[in-house]
Amino acid sequence: MQLSLRRTEPRDVSAIVNLTKGAASAGKDDLEKTLKRRFGEHIDIEELVDTAPFSLVGTDPEDTTVLGFIAFSNGPRSAADDEIPETYSADPNATGIMARQDWDKWVRKFYDTKELQIHNTKFLSYFVADPDHSLAFLDAALTTTFTLIPSVRNIAYLLPETNTLFPPLTSTKYVPPPPVQESDPSPAAGGAKAKKPVAKAAPRKIGGRGRKKNAKYFVEVGTKSSNALFALHVCSRKDVVPVVKVRKARVEDCDDLVPMFKKQNLLEGKHADFFLAELLESKSEKIKTLVAEADGEVVGFMSLNRDVDQELLAETFHLEAFDLLCKLKESDFNHPTTNTSAPQSHTNLALTDSLPNSEPTLAETNPAFSPHSPATISTTTSRPVSAKTVTFATGHMMESMLNEYISEPEDAPRPPPQPTGPPPKPSPNAFCVTMFSMQDEYASQAIEFIRAAFPLFPDRDYCCVTVPTTAGESELLRGFVQVGEKAGRTASHCLYVTNRFGIQDPVQVRITNEEDIALVDNLITGLDIEVDLMTMYRASITKDPPSAYISYVAEHDGQLIGLVVLEKCADARNITDQFDVEEFASLRAHRVEGWPVLVRAVIVNPLFEGQARIQFPKNLRDGLPVPDPLRYNLRMLTTPLLYEPKIVVNTRIVVVGGSDTGISFLEKLVYNSHLHFSNLTLISTAGIPKKYDDSPLASRRCYTGLELQQLGLDTSIQIIRSSTTEFDRVLKRVRLSSGAFVAYDYLILTPGMQFNPDALMDGLGSVGGVFAVNPGVEDELGKAVDGAVGDFEEGRTVVYGRNLQAFAAIQFLLQKGLPPNRVIHVIPPITAASTCFNDLKVDEIVSKTIEDLGITTHRDSKLVDWETSQGVLSAIRIKSKSTRQPIFLENVTLFLYADVKSVAPDTFASINDSSLVFDGKLVIDKFYRTQDPFIYAAGTITKYSSKYQAKWSHEVCDSREVGAKLAELLLPLFDPMATPVEIVDDNELIKFEAAKKVKAVLPGDLHYFHFDKPRLPSHTLEWRKGFEGYGRDLVSTPPQDNPNSYFRIHIHPTGTIHSLTYLDRRPPPVDNYTCLYMTHERYLNRFVGRYDEGIVGDFVGFLNQPWALPLYHPRFEEFTKQVREQMLTVPDEEMEEIVESLKVRAKDKSLISEEEKKDLYQAFDISGSRKAFDKRVFDFLMECDLYESFP
């Protein structure tokens, strides 16, 4: 049977535990005790899976059975901690754990080896496998580890001297059989998540470098001292996978390269062979060619060129931190010669002055960016002394800290004036890659090409590469830094840069000390947070009193090139309650409270950004009151994530419209688990929309203001605050109102619908005093109302519309201090099947409240004319069905429109001019596609094509779910690991299940909240009540002091909650009530039964009791699913009978009688599954800290 390897996931823990016990149950030696002797007494599999930097499981091809598990650590695991004495540490006072942080020192002290370094060695911390597959699994696991982590050269294992090395570690190396089929990277059947894919292991030849005859995997290293308590065994990369060697290309290599190129479609045409031969024969000093060999076979090729269009690249990309890919001669600066033994960087604004000042737009057809141009692949790096650029920072200091350009200090030497002649022209300091190819099996070693390339160009410090935005990021580019594009440029390629210093020996990381103050000050000078950062750094080196901060520095060749500042977490609950931390790390396995886990700043010289991950392994080695909201974005990094780099997607995705649908789409892309989208753009007049959580205006409750702040999308996408005037489908670009262009590869239209007074009467929107009550208008409208209240004592305000926003706008006016007698509500004739409330009781309460407040209401009336005074509204005329003559309303200073939504004029013009099909709304198919394959649309602006004969639309669905499903449909287009799915365009539409929510504050301070399943507008509440399968409406008893209170919960015949309507002066806990959607009423403490018994009258008080707290916990839904799956998959005999009975009922679609339910409950109570169920519930309450709410 062929093994399939993937990264370990939390769902594998139980299978791994069973694997450790399998041998004992089979009558063999007690494997569990043996594993403890080999790897330590205190190994916890769940903790190991969560904390190991890198771990793998081997499964059968169907991913149903775990056949092996291996885990690695950055240092010796707990087996060494238990027995390492103080003499093992370089520090006599260090404990075993402290010794592990500097394990390389005591390894060299006690063992005869110099090759084991912190940056190139991992330790085997656990290994277990099925005996029939142990050798094959070990071979595949070691090969995969060396392939996926190119920096690892050795895998070490410390074995107590009392034990002997065991099979398969002592076995002769495994010879894999010929592959039968490819591993399936698709999600496992029935699994919740996709398997984490791993790269294919490189094939090795018997007798070659990767296979020494009769060689073993691990070799014992000699000791220097008789005091050594452990035997050190080492597995070297060179003995497991073929090592790639790079050399200059020769003409005779042509025979090996042509088949490889043709297989990868790099050379086409009958003259391809001659082109390659001519390239290899070239004697030009400008062009260099290299080939890579493994086991005597040519596996890769690279062509380089020293001619780079440096000026064009500098005009297009932000190359200031890389000295604009050029250098000046020392004589041009006229300053003392610098010590050439250390890398230097000459950064001077004079370089910018020598470039053209114009800002031309780069078309995709620009010769400088054609695939065969030298500038197409060019990479550059700068010298590390003076570059001071922040790569990223986290915590509450997430403000923008990226300086585009930092000049030398004012007292630095300046070039003298040049009275005659032009200024010296900068010398190019870069070469580029013009062609690259490598077999997939060896792609992880592609950086060896660049290491071999720099000696060919001794006068150049940078290497650069440009790739099309639609191309995936290859392994070669992992050692490069992507350079950002300047505003207003539309280059069709991305630029990557590296330098000769950034790809050499890894940086060294150590704890800071007082001697680093001057170097740290030089590194952070000019940053926005310079003062705060220096304060934290000084605190970290203060020993008395102990500080909450700890800092590390990174060095290269004696120069400080990076700084990391960590802070101890004083209150972990404050973070874990508000962010989904457990999605990435188990709080049980990770020590958080009191440990330095908060990253306050990470500063890296841009030349070494590719090695930024190396700074972290050493740093990361090993019912209560709700806190105040944390209004910042939280980024999380765990040790395993360091070895799971995301796949970079450079495809230019432009989203037009900042609606909830567009925000949801961007959220799914930004927070994708294994893809990093580097080219996301949002075009919206308001940018990321503002959400006023305390505003009375109506909200769809897709996002709160706090959620948007915590998402921090503005740190991951480019935001252009503008409207559009044209979608150029031929050149694939969007014209902005300013005349600039934004190029795209995929265009996503999500502008939404808006209130537009011009849709009521042409020209009304341009009149002063007329406002459309759209989201985000609070500030502008508030100023206008304040002016009306103070300046016009007799002026009146008209609210026009029957939309929910019109009623909320009335409350907004009242909150601003406008007297009710100066508010007029004009309600036009109804055109829909029901009112905006779709509930006669709510209509009655709201109408009576407005009448009691003294607000004038004109029902079934339409605007027919208006008058202005100096361009400002002064009076209107309305006409009702019941009156023949228009009613004249004078002294009107404000007119608020909130009736029918329509497409914004600029959006309509852009769509219409681009010839996209528009029929009242933008026409799409079931997969969100317009007739242009590169333009998608979603949200309220869309309608389905008439071929579906459907009344459904995105307008009746939750906007957040609509945007999320659009992202799910598009992600396979960008994910190279995704399995292609055939798209069948039948008449079955995509189903949307999330609740459609709305929240507002209505006149009389009535808080209104409502959610319901997606329904057609024609399916009104009164219409649905006429059907037999409607279910029940449970209505709360209003308090005596609040007769306008109304609380209705709709229970479906299946017992789940489908709808809720809340109207009360008390603000509702909206997030809590939203959790009740599709929850079975029995989770609500037998809600229906207690209601029928008369026990539950006040729903608000009932749902606020302590027993209800678990229902509102974010993990409750996941917990119920896990319990359900466990009881269905591993039932005892009694439970199996219950499950079979329920399956029969489900198949017949028949309801269970009350007597049958009673019998089933009694059978469950006496089954063994009941105890397991109670334990799961108790564990859930303990893990969520909800136990204090229960006896």
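The values are calculated or read from the model by the stated rules, or taken from the named source; none is laboratory data. Predicted, not measured: the structure shown is a model, and the values here were computed from it. In this analysis, Cβ positions are derived from the backbone assuming ideal geometry, glycine residues included, and neighbour counts consider all displayed protein chains. Note: areas computed on protein heavy atoms with side chains; ligands, DNA, RNA excluded. Shrake-Rupley method; radii C 1.70, N 1.55, O 1.52, S 1.80 Å.
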For His858, enumerate residues with amide H under 5 Å from its amide H, sequence gap 5+ or separate chain, H modeled in the peptide plane.
His825, Val826, Ile827
Using a simple spin-label model with points 7 Å from Cα along the Cα→Cβ vector, what separation in nm is obtained for Ser1150 and Arg1170?
2.7
Using Cα positions and a limit of under 16 Å, work out the lysines in reach of Lys216, with same-chain residues fewer than 8 apart set aside.
Lys173, Lys205, Lys238
Using a 1.4 Å probe on heavy atoms of the protein chains only, the accessible area for Arg1082 in Å², nearest 10, reads 90
Pairwise label distance in nanometres, Asp985 with Val1123, each label 7 Å out on the Cα-Cβ vector
4.6
Let a ≥ b ≥ c be the square roots of the eigenvalues of the Cα gyration tensor of region 416-542; is it rounded (a/c under 1.5), or, if not, prolate (a/b larger than b/c) or oblate?
oblate
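Ranked highest first by the average count of other Cβ atoms within 10 Å around their residues, in what order do 574-581, 50-57 fall? Numbers along the way, then the final one.
Working: 574-581: 16.1, 50-57: 23.8.
Taking the mean over residues of other Cβ atoms within 10 Å, the ranking is 50-57, 574-581.
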In terms of Cα to Cα distance under 17 Å, which aspartates and glutamates are near enough to Lys732, apart from those fewer than 8 places away along the same chain?
Glu364, Asp745, Asp913, Asp932
Between the modelled labels at Thr164 and Glu62 (7 Å from Cα along Cα→Cβ) the distance in nm is 4.0
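Only loop residues by DSSP count here, and only those with at most 13 other Cβ atoms within 10 Å; note down the trypsin sites (Lys or Arg not before Pro) in region 942-974 that meet that. If you can, show how the numbers build up before the last one.
Values: sites: Lys943, Lys947, Lys951, Arg960, Lys965; in loops: Lys951.
Here the trypsin sites (Lys or Arg not before Pro) that fit, given the DSSP loop and packing criteria, are Lys951.
Kindly identify region 968-1020 as rounded, prolate or oblate by the Cα gyration tensor criterion: order the square roots of the eigenvalues as a ≥ b ≥ c, call it rounded if a/c is under 1.5, otherwise compare a/b with b/c, prolate if a/b is larger, else oblate. The partial results should precede the final answer.
Numbers: a/c = 5.74, a/b = 2.25, b/c = 2.55.
Oblate is the answer for region 968-1020, as a/c is 1.5 or above yet b/c matches or exceeds a/b.
Per residue, how large is the accessible surface of region 1016-1142? Use a 1.4 angstrom probe and give square angstrom. Please list the in-between numbers first.
Details: 6710 Å² over 127 residues.
Accessible area per residue, region 1016-1142: 53 Å².
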Which shape class, rounded, prolate or oblate, goes with region 867-1009 when its Cα gyration tensor gives a ≥ b ≥ c as root eigenvalues, a/c under 1.5 marks rounded, and past that a/b bigger than b/c marks prolate?
prolate
Could you name the aspartates and glutamates whose alpha carbon sits less than 19 Å from that of Lys109, not counting residues in the same chain fewer than 8 places away?
Asp81, Glu83, Glu86, Asp91, Glu161, Glu220
Between Lys947 and Asp762, what FRET efficiency comes out of the Förster formula 1/(1 + (r/R0)^6) with R0 = 35 Å and r the beta carbon distance, rounded to 0.05?
0.55
Zone of Glu794 (label point 7 Å along Cα→Cβ, backbone N under 20 Å): which residues in region 872-899?
872-878, 887-895
Let's test the formula: R0 of 45 Å, r as the Cβ-Cβ distance of Val219 and Ser586. What FRET efficiency results, to the nearest 0.05?
0.80
Flagged as over-length at 27 Å C-alpha distance, from Lys848/Lys881; Lys862/Lys947; Lys1121/Lys1143, the pairs are Lys862/Lys947
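Relative contact order, percent, of region 946-1017 when contacts are C-alpha pairs under 8 Å separated by at least 6 residues?
Working: 57 pairs, mean separation 26.0, N = 72.
Computed over region 946-1017, the figure is 36 percent.
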Under a 5 Å amide H to amide H cut-off, with H placed in plane at 1.01 Å, what residues pair with Ile935 once short-range neighbours are removed?
Leu747, Thr930
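In region 772-927, carbon and sulfur make up what percent of the accessible area (probe 1.4 Å)? Display every interim value, and only then the final one.
On the way: 3530 of 7320 Å².
That share works out to 48 percent.
With a Förster radius of 60 Å, plug the Cβ-Cβ distance of Val730 and Lys816 into 1/(1 + (r/R0)^6) and report the FRET value to the nearest 0.05. Mind dumping the intermediate values first?
On the way: r = 50 Å, r/R0 = 0.83.
Plugging the Cβ-Cβ distance into 1/(1 + (r/R0)^6) gives 0.75.
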